[in-house]
Amino acid sequence: MKIKSFTTPKKDREIFIEPAYEDIPGLIGLNKEKFQSYDFNINSIPFSQFREQVRFETLKKAREYTEKIWSVCSKLNIAGTENLSSTKNPYSPEKNIIQTGHSPALAHPGVLIKYSLVNSIAKKGHGIGINMVVDNDASIDNCLNIPDINVPDSSVEKREYIPGLRNLAFEEIRYTDSTQLPAFKENVLKFLHNTDMAQTFENFINIAINVSKETQQFSDIFTYARYLFLARFEIHNLEVPVSTISKTDSFLNFFLHITANLKRFVDIYNTKLREYRRLKRISSKANPLPDLMEKGFVVEMPFWMWREGEQRKSLFASVANDSRISIICENKIVEYFYFGGRAGSAENLKNLERLKSLISKGTKIRPKAIANTMYSRMFFSDLFVHGIGGAKYDLITDEIIRGFFGVEPPSYATISATLHLPYKPLDVSDKDINSIRHVIKDMGYNPDRYASEKIVEDVEMRSMINEKKELIAKASNDSKEKRLAFDRIKELNNLMKEKISPLIKEKEKKMEDLEKKLRHNSIVTNRDYPFCVYPEKMLGELFELKV
């Protein structure tokens, strides 16, 4: 396994992109050559046939979902709904599909630049840009970090957009209280003192509030609003949720293929994860992802399972019998499948029908992270565009693809960016803080050095200074005398500190002011605020920089 480094951009408007923008068409060409060379089956379906099925089904679902966005926005008379060209762009096998993906959460501008890059590559190559809405991600924290800039007493306020409902998959969250988003809007606006920042947020959240009149699906509300917001920058990728992809026959065949070969898949998966941790010297077994559990004949699957309104649950399988595999959730057998028949056998169709029947009764099966991007990269897109986080764990995905499918994986592109808030950092550095901290510390050990002439003229102070000098000059090698002298010097220092306490307080106040300024700088240069609090003009300029 080759470990690559991906450096998060630090400077304002700095972009990390790999490969270079002009080299991306060549990378797509190399990927297409790889796809043509693949020669294996997925649940008895030849690779080329299976990939074409995935592309056809997924694009159909993407068009349906995106057209629903436009329909809702048109109904609500939201500006920017005039251009429907992206949903009517016809698919043909030779067209390039450029894909990215992210959860419905309101991400920072460094994530949004992925959508811009996908849109740009697709338009330039007359291809199709698509974003996979990872609505099966868990909503761990229903809050946004909002910068409250008051120089130098700046802070970051955490504001919840929907109370409660943590740890549910985004697709399970329902917006049932129409007062929550308007209240959230007012709560956030009182912290946004920059007019352009406030205007961007108000524009975005007003779209979300309008959309919420047409759907209670919270992931849809944020996806629709983000889509309409990006349309202002001529970004018109198709959108498709993982929850929708996961219901297609193609995805279910992928699930069955992994199930049929689960023991081998999990062995490769865990081996590559452990190798990655060893090479990166990572001690935590949960980083970057936990191993899939193996306990006797029971093996954890790279998928989630749950029913409507429930939290995601890990899915397991009993692989004691190679020809019959039972899938298990919460210690209960949910379904079983028979494998080992001839290619195209009736048993494969029966397995698919069993799985579809299970899903029709309300059971949800969704991919975990690596299975999700593996499916997209191998069977759907011609190029997948990652952020830095996804690119790191897909180094592991590459190794799993090599081991499990026996092929060289398609390459992916990586892009991220940093955008600072529209405030200039104050003139302060860590060096300034460290310097004054050193002075304050030294004032405790050597208060006599910092006493003013007036303080030194004090009889008591002069006496203590002279006594300290004598004790230092008469330093003895005798340990007892040495200890007594040390204790007396310490006592004298404490007494002298009281004499210069106004000077110490003055320095401490200066350090406190410097720390406030430094904290202010860290707040205005933080890259992780939601895109909707940055001025639109700044976002537009960032999206143009990639080329």
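The values are calculated or read from the model by the stated rules, or taken from the named source; none is laboratory data. A quick note: this is a predicted structure, and the numbers were derived from the prediction, not measured. Reconstructed Cβ throughout: ideal geometry from the backbone, glycine too, with neighbour counts over all protein chains shown.
Quick one: is LEU495 surrounded by 15 or more Cβ atoms within 10 Å (Cβ to Cβ), under 23 Å from TYR450 (Cα atoms) and aliphatic (A, V, I, L, M)?
no
Is there a residue in region 207-221 that is surrounded by fewer than 21 Cβ atoms within 10 Å (Cβ to Cβ), in contact (Cβ under 8 Å) with a residue 60 or more places away in the chain and under 16 Å from ALA105 (Cβ atoms)?
No: region 207-221 contains no residue that is surrounded by fewer than 21 Cβ atoms within 10 Å (Cβ to Cβ), in contact (Cβ under 8 Å) with a residue 60 or more places away in the chain and under 16 Å from ALA105 (Cβ atoms).
Looking at region 425-450, I want the residues that are in contact (Cβ under 8 Å) with a residue 60 or more places away in the chain and have a partner that is of a type in the set (Phe, Trp, Tyr) and part of a helix (DSSP H, G or I) with Cβ atoms under 9 Å, at least 6 apart or on another chain. Which pairs are those?
VAL439/TYR450; MET443/TYR450
Please determine, by comparing only the residues of region 145-174 that are of a type in the set (A, V, I, L, M) and at pLDDT 90 or above, which one is farthest from VAL211 (Cα to Cα).
Going through the qualifying residues, I end up with ILE149.
Of GLU536, GLU491, which residue is of a type outside the set (Ser, Thr, Tyr) and either in contact with a strand residue (DSSP E or B) (Cβ under 8 Å, 6 or more places away or on another chain) or at pLDDT 95 or above (or both)?
GLU536
Which is of a type in the set (Val, Ile, Thr), crowded, with 20+ Cβ neighbours inside 10 Å, in contact (Cβ under 8 Å) with a residue 60 or more places away in the chain and more than 30 Å from ARG274 (Cα to Cα), of THR414, THR418?
Among THR414, THR418, only THR418 is of a type in the set (Val, Ile, Thr), crowded, with 20+ Cβ neighbours inside 10 Å, in contact (Cβ under 8 Å) with a residue 60 or more places away in the chain and more than 30 Å from ARG274 (Cα to Cα).
Just to be sure I understand the filter: pairs with C-beta atoms under 8 Å, separated by 6 or more residues or on different chains, first member in region 186-199 and assigned to a helix (DSSP H, G or I), second member of a type in the set (Asp, Glu). Which pairs pass?
LEU189/GLU202; ASP196/GLU536; GLN199/GLU536
Among the residues of region 527-545, count how many are in a loop (DSSP other than H, G, I, E, B) and either buried (at least 16 other Cβ atoms within 10 Å of the Cβ) or free of Cβ contacts under 8 Å to residues at least 24 places away in the same chain (or both).
Of the residues in that region, 5 qualify.
Within region 501-526, how many residues turn out to be under 24 Å from ALA105 (Cβ atoms) and touching an Asp or Glu at 6+ places or on another chain (Cβ under 9 Å)?
Qualifying residue count, region 501-526: 2.
Return the residue satisfying two criteria in turn: it lies in region 281-293 and is within 22 Å of CYS329 (Cβ to Cβ) and surrounded by 15 or more Cβ atoms within 10 Å (Cβ to Cβ), and of such residues it is modelled with the lowest pLDDT.
Restricting to residues being within 22 Å of CYS329 (Cβ to Cβ) and surrounded by 15 or more Cβ atoms within 10 Å (Cβ to Cβ), the top hit is LEU289.
Listed here are the residues, each with its yes/no results for (1) free of Cβ contacts under 8 Å to residues at least 24 places away in the same chain; (2) closer than 27 Å to GLN99 by Cα; (3) surrounded by fewer than 20 Cβ atoms within 10 Å (Cβ to Cβ); (4) not assigned by TED's automatic domain parsing to the domain that holds ALA231.
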residue: LEU112; (1), (2), (3), (4): no, yes, no, no
residue: ALA122; (1), (2), (3), (4): no, yes, no, no
residue: VAL134; (1), (2), (3), (4): no, yes, no, no
residue: ASP148; (1), (2), (3), (4): no, no, yes, no
residue: ASP153; (1), (2), (3), (4): no, no, yes, no
residue: ASN167; (1), (2), (3), (4): no, yes, yes, no
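Considering only region 335-357, state which residues are surrounded by fewer than 13 Cβ atoms within 10 Å (Cβ to Cβ), modelled with pLDDT under 85 and more than 10 Å from ASN43 (Cα to Cα).
GLY340, ARG342, ALA346
Does region 223-239 hold any residues that are surrounded by fewer than 24 Cβ atoms within 10 Å (Cβ to Cβ) and either free of Cβ contacts under 8 Å to residues at least 40 places away in the same chain or hydrophobic (A, V, I, L, M, F, W, C) (or both), and which are they?
PHE229, LEU230, ALA231, PHE233, ILE235
Criterion first (surrounded by fewer than 12 Cβ atoms within 10 Å (Cβ to Cβ) and either over 30 Å from LYS11 (Cβ atoms) or in contact with a Pro (Cβ under 6 Å, 6 or more places away or on another chain) (or both)) does LYS509 satisfy it?
yes
Quick one: in region 126-144, of everything that is modelled with pLDDT of 95 or more and of a type in the set (A, V, I, L, M), which residue is nearest to the chain's Cα centre (by Cα)?
VAL134
Are any residues in region 336-386 touching a residue at least 60 places away in the same chain (Cβ under 8 Å) and hydroxyl-bearing (Ser, Thr, Tyr), and if so, which ones?
SER345, THR373, TYR375, SER376, SER381
Give me a count of the residues in region 249-297 that are of a type in the set (A, V, I, L, M, F, W, C) and within 30 Å of LYS61 (Cβ to Cβ).
Number of matching residues: 13.
Table: residues versus (1) among the hydroxyl-bearing types (Ser, Thr, Tyr); (2) crowded, with 17+ Cβ neighbours inside 10 Å; (3) within 24 Å of the chain's Cα centre (by Cα).
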residue	(1), (2), (3)
THR259	yes, yes, no
LEU273	no, yes, yes
LEU279	no, no, yes
ARG307	no, no, no
ALA320	no, no, no
ARG324	no, no, no
ILE327	no, yes, no
GLU330	no, no, no
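Out of region 1-22, which residues are more than 27 Å from ASN270 (Cβ to Cβ) and either surrounded by 12 or more Cβ atoms within 10 Å (Cβ to Cβ) or of a type in the set (Phe, Trp, Tyr) (or both)?
Passing the criteria: THR8, PRO9, ASP12, ARG13, GLU14, ILE15, PHE16, ILE17, GLU18, PRO19, TYR21.
Condition test on LYS392, is it buried (at least 17 other Cβ atoms within 10 Å of the Cβ) and of a type in the set (Lys, Arg)?
yes
Out of LYS123, LYS95, LYS60, report the one residue that is in a loop (DSSP other than H, G, I, E, B), more than 23 Å from the chain's Cα centre (by Cα) and either of a type in the set (Lys, Arg) or at pLDDT 90 or above (or both).
Of LYS123, LYS95, LYS60, the one residue that is in a loop (DSSP other than H, G, I, E, B), more than 23 Å from the chain's Cα centre (by Cα) and either of a type in the set (Lys, Arg) or at pLDDT 90 or above (or both) is LYS95.
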